[in-house]
1. Could you grab the relative contact order for region 106-232? Cα pairs under 8 Å, six or more apart, rounded to a whole percent.
2. Please report, as a whole percent, how much of the solvent-accessible surface of the chain comes from carbon and sulfur atoms (probe radius 1.4 Å).
3. What is the Cα convex hull volume of the chain when expressed per residue in Å³?
4. Using the heavy atoms of the protein chains alone and a 1.4 angstrom probe, what is the accessible area of the chain per residue in square angstrom?
5. Under 5 Å between amide H atoms, partner at least 5 residues away or on a different chain: which partners does A51 have, H built in plane at 1.01 Å?
6. Please give me, ordered by residue number, the chymotrypsin sites (Phe, Trp or Tyr not before Pro) of region 157-202 that lie in loop per DSSP and have at most 16 other Cβ atoms within 10 Å.
7. May I ask you to evaluate 6.51 cos²θ - 1.76 cosθ + 1.60, the Karplus curve with θ = phi - 60°, for each residue of region 154-168 and list the ³J(HN,Hα) values in order in whole Hz, giving x for glycine and proline?
8. Please label the shape of region 50-96 as rounded, prolate or oblate, based on the square roots a ≥ b ≥ c of the eigenvalues of the alpha-carbon gyration tensor (a/c under 1.5 means rounded; beyond that, a/b larger than b/c means prolate, else oblate).
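The values are calculated or read from the model by the stated rules, or taken from the named source; none is laboratory data. Predicted, not measured: the structure shown is a model, and the values here were computed from it. No Cβ is skipped: glycine too gets one built from the backbone with ideal geometry, and neighbour counts run over all protein chains shown. Heavy atoms of the whole protein, side chains included, go into the accessibility calculation; ligands, DNA and RNA do not. Shrake-Rupley method; radii C 1.70, N 1.55, O 1.52, S 1.80 Å.
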Amino acid sequence: LGHVEVQGGTLELSSPVTGYRVGTITGNLKITGGTVIGNATFTGDVFPGAAHPMTLTVNGNFIMTAGTFNLTNRPISLTPGGAFQIHVNGNVAQGAGLVTTTSGFGSQNYIMLNGTVSQNLELTNFTGPASLIINNAAGALLQNDLYISFVLSFISGVLTSSTTNLLTFGTFALTFGATNASFVDGPVSKIGNTAFVFPTGKTTCGPSSTKKGYAAIEISGFSGGGAPTDQY
C-alpha cells in the first residue's frame, strides 16, 4: 500500500490464518478518527492455528490525531499467537487518540522505531500490554512526556529525553536491552517502590569528549518502605 489515512469507521489490517505475515505501507499511516485494528479477529476464527503474528512496516510517518489504534484483539486461545508488530521508519506523531491492545500477547505486541536517520517520537497515550522498541542507530528524540506502562526495549540507538520531554516508567513497567550502543540520554523517572534499573547513559562526557556509554542507575532495598505512588 502507499499512503493510508483512516478518518472514521473501522479498518482491520490483518488476520493471518496460515503462518506469519508481513505488509508494507510505503508512505504514511495517518489516523484522524475511527478505529484501526492491526491484527483483527474475524468470525470463523477457531482453535487451533487460526491466529498468527503480523508485522507491518511503515516507511513514512505514523501520524495520529484522534481515534483508536488497537494493535491486536486476537484471543490467546487462538494459538500459536496473534501479536502485531509495527515498524516505523519515519517519525511517530501521536498528538491525540489512543494506541493500545486488547490482547494478552504482552511484549510480542510492539511499536519499533526502525529508521536510519534520527526519528522524532511523540506518544501521548500508549497503553495496554505492548512494548516500545528503539532500534535505530541514529537515535530518537522525545517530543513529549512519554509514559511507559509495560515495556521499553533497546536494540540500537540512543533515546534522548529532557526535563520538558520526560521519560517515565509506571509502577509495573520494565526495561530491557540497554547497552553502550542503546540507552536513554536525559532524565528518566520511575513510579513505585520496587527495585528498578534506570537505562541511563551519556552520549558525551564533556565538551571535548566523544565518549559515550551506558551508565545504569539502580534503586533497591525498599524493605517495605515508600509508597506505590512515589516517584524517583
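1. The normalised contact order for region 106-232 reaches 18 percent.
2. 57 percent
3. 130 Å³
4. Using a 1.4 Å probe on heavy atoms only, each residue of the chain averages 43 Å².
5. Here G81 satisfy the definition.
6. Sparse-neighbourhood loop chymotrypsin sites (Phe, Trp or Tyr not before Pro): F172.
7. Working through the residues one at a time gives 10, 10, 7, x, 9, 9, 9, 10, 7, 5, 8, 10, 8, 8, 10 Hz.
8. Verdict is oblate for region 50-96.
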